[in-house]
Amino acid sequence: MEEILIFGHKNPDTDSICSALVKANLETKLGRKVKAARLGNVSKETQYILDYVGVEAPEFVSNIENGTEVMLVDHNEFDQSADNIENLKILSVTDHHRISNFHTTEPLYYNAKPYGCTNTLLFEEYKANGVEIDSKIATLMISAIISDTLLLKSPTCTDHDVEAFNELEKIVGFDAREYGMNMLKAGTDLSTYSATEVVNLDAKEFTEKGKKFVVAQVNTADIDDVFSRKEELAFAMEKEINDKGLELFLFVITDIVNTNSKIIAMGNLKGLVEKAFNKKLDADDSMFLEGVMSRKKQIAPPLLANLD
């Protein structure tokens, strides 16, 4: 029997990588032949976690044979998935995002809840199946929750995420908040990345009403430090627009300490950004958004709602 591939979205973040590993462990315990995979590079934050836990990153896959059985985690939209996703057999989805641009020819297992993190759903799947959560899996889970909810401070964070966090902290046996701050800080060092790499570290593509755009996001402890590279970042964004036929590239710099964001907008739909946030872009195509941290809950929804 061929292995079932389990993977998250392109340009994978911590939740995407950890979800693939955690889901693969669960399915293996349930007797299925599966393999965790990834569709992009591992970030510094995620590598910090993998090194801490002592596990290898999922295998990178680019050319998946048509007809391969797959399980999707942390995404469902085809634009964010494997290039030939429509020719793969999707057995299940475990996700916490909106459902869009998604269809299958056969019934499937679909677990979607508006939680702050996919690993919170996986935490519940382990419980429902009576599968023990060991310290390594618990560390992957709690790390993903810390990452996606910014240590429970993001507006996406729910009581379910907090409950999972508290239970997992008992299993891992360390101060998860102290660990979490060190983990988040590990992911804020962008100095070794080129501008092209920075704008693609955590970039998600959306297609709605015939328009295609990207919202990319990085976390930092100092917005000005990242924004000082604005000229080269804008050049990289313009190249992405031209190469991928985008109407808009929105780059979000999120301050994880003060819980604010600054955005840079490039492309033909800059007016959409102003309409979505009811503010004018500054002369340098930037905008400060107080209290905004979540792409999923505070950035993508108003953009999608205001598309003509």
Selection from region 7-46 of residues in contact (Cβ under 8 Å) with a residue 60 or more places away in the chain and more than 15 Å from the chain's Cα centre (by Cα) yields VAL22, LYS23, ASN25, LEU26, LYS29, LEU30
When THR196 is run through (1) in contact with a helix residue (DSSP H, G or I) (Cβ under 6 Å, 6 or more places away or on another chain); (2) closer than 22 Å to LEU122 by Cα; (3) surrounded by fewer than 21 Cβ atoms within 10 Å (Cβ to Cβ), the failure sits at (2)
Worksheet item: Does VAL199 satisfy being closer than 22 Å to VAL292 by Cβ, in the same structural domain as LYS244 (by TED's automatic domain parsing) and assigned to a helix (DSSP H, G or I)?
Response: yes
Sole miss for GLN80 among (1) closer than 19 Å to THR120 by Cα; (2) under 12 Å from the mean Cα position of the chain (by Cα) is condition (1)
Of the residues in region 215-232, those that are of a type in the set (D, E, K, R) and closer than 19 Å to VAL292 by Cβ come to ASP222, ASP224, ASP225, LYS230
Only one of (1) in contact with an Asp or Glu (Cβ under 8 Å, 6 or more places away or on another chain); (2) buried (at least 21 other Cβ atoms within 10 Å of the Cβ); (3) part of a helix (DSSP H, G or I) does not apply to ASP79, and that is (2)
Please determine whether any residue of region 2-14 is surrounded by fewer than 19 Cβ atoms within 10 Å (Cβ to Cβ), closer than 23 Å to LEU246 by Cα and out of contact with any Gly (no Cβ under 9 Å at 6 or more places or on another chain). no
Scanning region 261-295 for residues that are more than 27 Å from CYS157 (Cα to Cα) and among the charged types (D, E, K, R), the one surrounded by the fewest Cβ atoms within 10 Å (Cβ to Cβ) turns out to be LYS280
Checked GLY130, GLY173 against criteria (of a type outside the set (Asp, Glu), free of Cβ contacts under 8 Å to residues at least 40 places away in the same chain and under 16 Å from VAL53 (Cα atoms)); the one match is GLY173
**Study point:** Meets criteria (of a type in the set (Phe, Trp, Tyr) and surrounded by 21 or more Cβ atoms within 10 Å (Cβ to Cβ)) for PHE102
**Key:** no
Taking region 6-30 and keeping only residues that are closer than 16 Å to ASN200 by Cα and either assigned to a loop (DSSP other than H, G, I, E, B) or in the same structural domain as PHE206 (by TED's automatic domain parsing) (or both), one is left with GLY8, HIS9, LYS10, ASN11, PRO12, ASP13
The correct count of residues that are in contact with a Gly (Cβ under 7 Å, 6 or more places away or on another chain) and assigned to a loop (DSSP other than H, G, I, E, B) in region 97-151 is 1
Residue hits (region 105-118; surrounded by 19 or more Cβ atoms within 10 Å (Cβ to Cβ) and out of contact with any strand residue (DSSP E or B) (no Cβ under 9 Å at 6 or more places or on another chain)) are TYR115, GLY116, CYS117
GLN47 meets each of (1) part of a helix (DSSP H, G or I); (2) crowded, with 20+ Cβ neighbours inside 10 Å with one exception, condition (2)
Going through region 82-93 in order, the residues found to be of a type outside the set (A, V, I, L, M, F, W, C), outside any loop (DSSP other than H, G, I, E, B) and more than 17 Å from GLU3 (Cβ to Cβ) are GLU86, ASN87
Subset of region 191-219, residues more than 17 Å from the chain's Cα centre (by Cα) and among the aromatic types (Phe, Trp, Tyr), comes to TYR193
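The values are calculated or read from the model by the stated rules, or taken from the named source; none is laboratory data. Keep in mind that what you see is a predicted model, and the values were worked out from it rather than measured. Neighbour counts are summed over all protein chains in view; Cβ atoms, including those assigned to glycine, are modelled from backbone coordinates with ideal geometry.
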